[in-house]
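Below is one structure, written out as structure tokens; comments come after it.
The values are calculated or read from the model by the stated rules, or taken from the named source; none is laboratory data. Source: prediction; values computed, not measured. Don't worry about glycine lacking a Cβ; one is built from the backbone with ideal geometry, like all the others, and counts go over all protein chains shown. Note: areas computed on protein heavy atoms with side chains; ligands, DNA, RNA excluded. Shrake-Rupley method; radii C 1.70, N 1.55, O 1.52, S 1.80 Å.
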Amino acid sequence: MEVEPARRDAAVLDPELLQLPELAPGALRENSIIADALYSQWLVLPETAKLSLIEDAKAGTTLNVAGTSASTNAASSSSLPSMFPAGSAPPLSPRSTSGSPRVMRRGSGAGPSSLGSPLKLVSEPVREVIPQFYFKNGRPPPKDLKEQCLSRIDHLFFGGEGLQIQEFRSVTKDICKLPSFFSSVLFKKIDIACTGTVSRDAFVEYWINDNKITMDMASQIFEILRKPGYNYLTQDDFKPVLKELLATHPGLEFLQGTPEFQERYAETVIYRIFYSINRSGNGHLTLRELKRGNLIAALQQLDEEEDINKVLRYFSYEHFYVIYCKFWELDTDHDFLIDKENLIRYGNHSLTYRIVDRIFTQIPRKFTSMTEGKMGYEDFVYFILSEEDKSSEPSLEYWFKCIDLDGNGILTKNEMQFFYEEQLHRMECMAQEPVLFEDILCQMIDMIGPENESYFTLRDLKRCKLSGNIFNILFNLNKFMAFETRDPFLIRQERENPTLTEWDRFAHREYIRLSMEEDGEDASNGSGDVWDESLEAPF
């Protein structure tokens, strides 16, 4: 068979011609058959066989990219075809005169290079030891702190037979540094089997080995109060603490003979706590909410202060007295429920019908009472705290939801005008000079300074200290008129006691008023009670 001309010509080529220095790259692309034949010829050359780098690497010989030796380098330079056209090859990387680690024979007498392999440095970086920063059960106590605590524990548990609940109070206060009225709940938390005794080992296991000692007080209280398997606190979790507080605090000793009012006091305190610091409003108090609130500071003050009325946050008995008396005044049939007609009488009929209707739609807060159209005592506590201190965040959120009729997160001109219309009508009925809504709107915009003057957002209101007056203007006529007249006496009171909240001032005024009414009843009938005997509410 006749061999194709191209293959026949390739078969008789001289190896020296394989370099083809003057052959243009385009010529090879156009004659692929010639290129294939040239490549086959090149593979069978003796010099090509010496370029088997893989076999050399397996054998452990020197890996010389340009050839196996200098002589081979020279020979191959004249025998290998050029990969690039003349003058277009990129330069080779410069070599170190001292020799590259890559061309040194492994296992030679000279030993490994002091520099090591650059590839090894990349693949095996230096390991940095990072100390443990997360501990599932809290950070373990330092050795000196643990030994110091164990020494105090040995002193209190000197008998070796454990402590009963009456003796455990000193452990709670001296070792755990917790308020003393957490003693019972802490004791029962450790005494799971209800043996009536807590041993030294059981306390050490719970307080030290479980790392309670290194927690902050908020975390300690949270862990003590929460039920197993729960990551939040409920109102029921605080009841044992309030029970012990009522039994041990000197400022509440006078309530020992009236257990029904002990229960009401405890409920009111718990409602106030959740109103202020349970910002989600779902009844599930998280650790984060507990830390962000001021309850821990109030608990510490409560344990050191004998006068309960000086602890204004949550625990003041005078504050409870005012709340309960206000509720009892409105609850005319004493079924412990309030309807719309009852609530409209609050504050000498200061509220408009429209805002009362809005409250009973349960938009700002769903009622806890199970009776349709009736507000329970807990619901009233939330209402009175919001009504009498409109500078607090819970109050601003409460009333904002009332005015935001469509629930879109903004208060528009039409929504505010809807509530103000009743205020305007009431001013006309009282023969007072009415203030047009357009004038009031300009005043409110100047007062709040909203980001967009066409509406108010909750963020706008929270940034302004006077934002509570916006709601008084819209639905509380008495406070609106008081704001317009600017009583100099009240202004001076606020400047003299800047730490007091609006609620603190209101509760103080009302307690004095109720006390004076009680004195008046004493003079008329000789009774020492605020209520007549038919109400069965001795104070």
- If the label point sits 7 Å along Cα→Cβ of residue 454, residues of segment 385-413 with amide N under 15 Å come out as 410-413
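How about segment 391-465: which trypsin sites (Lys or Arg not before Pro) there lie in a loop by DSSP and see at most 10 other Cβ atoms within 10 Å?
Numbers: sites: 401, 413, 426, 459, 462, 463, 465; in loops: 465.
The qualifying sites are 465.
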- Whole-Hz couplings from phi, Karplus 6.51/-1.76/1.60, listed for segment 400-407; x for Gly and Pro: 4, 5, 5, 7, 6, 5, 9, x
- Cross-link partners among lysines for residue 188, C-alpha distance below 19 Å, same-chain residues fewer than 8 apart left out? 173, 177, 212, 227, 239, 243
- Message: Report the Rg/Rh value for segment 226-310, based on alpha-carbon coordinates and the Kirkwood definition of Rh.
- Response: 0.98
- Determine the relative contact order of segment 353-474: mean sequence separation of Cα pairs under 8 Å and six or more apart, normalised by residue count, in whole percent. 26 percent
- Message: For a quick check: with amide H placed at 1.01 Å from N, whose amide H comes under 5 Å from residue 455's, ignoring anything fewer than 5 positions away on the same chain?
- Response: none
- So what is the relative contact order of segment 212-322, in percent, for Cα pairs below 8 Å that sit 6 or more residues apart? 26 percent
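Could you tell me which of rounded, prolate or oblate describes segment 435-475, using a ≥ b ≥ c as the square roots of the eigenvalues of the alpha-carbon gyration tensor, with rounded for a/c under 1.5 and, failing that, prolate when a/b is larger than b/c and oblate otherwise? Spell out each step's value before the answer.
Numbers: a/c = 2.03, a/b = 1.32, b/c = 1.54.
Cα axes put segment 435-475 in the oblate bin.
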- Would you work out the relative contact order for segment 180-268, in percent, from Cα pairs under 8 angstrom that are 6 or more residues apart? 27 percent
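Return the loop-located trypsin sites (Lys or Arg not before Pro) in segment 166-241 (DSSP other than H, G, I, E, B) with at most 14 other Cβ atoms within 10 Å of their own Cβ; answer none if there are none.
Numbers: sites: 169, 173, 177, 188, 189, 200, 212, 226; in loops: 177, 226.
Loop-located and lightly packed - 177.
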- Task: Report the paramagnetic label zone for residue 193: residues of segment 202-237 whose backbone N is under 17 Å from a point 7 Å from Cα along the Cα-to-Cβ axis.
- Result: 202-206
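Between residue 427 and residue 502, what's the calculated FRET efficiency when r is the beta-carbon distance and R0 is 22 Å? Round to 0.05.
About 0.40, to the nearest 0.05.
Just the accessible area per residue of segment 310-388, please: how many Å² with a 1.4 Å probe?
Values: 2990 Å² over 79 residues.
Normalised by residue count, the accessible surface of segment 310-388 is 38 Å².
With a Förster radius of 35 Å, plug the Cβ-Cβ distance of residue 174 and residue 256 into 1/(1 + (r/R0)^6) and report the FRET value to the nearest 0.05.
Details: r = 27 Å, r/R0 = 0.76.
After rounding, the FRET efficiency stands at 0.85.
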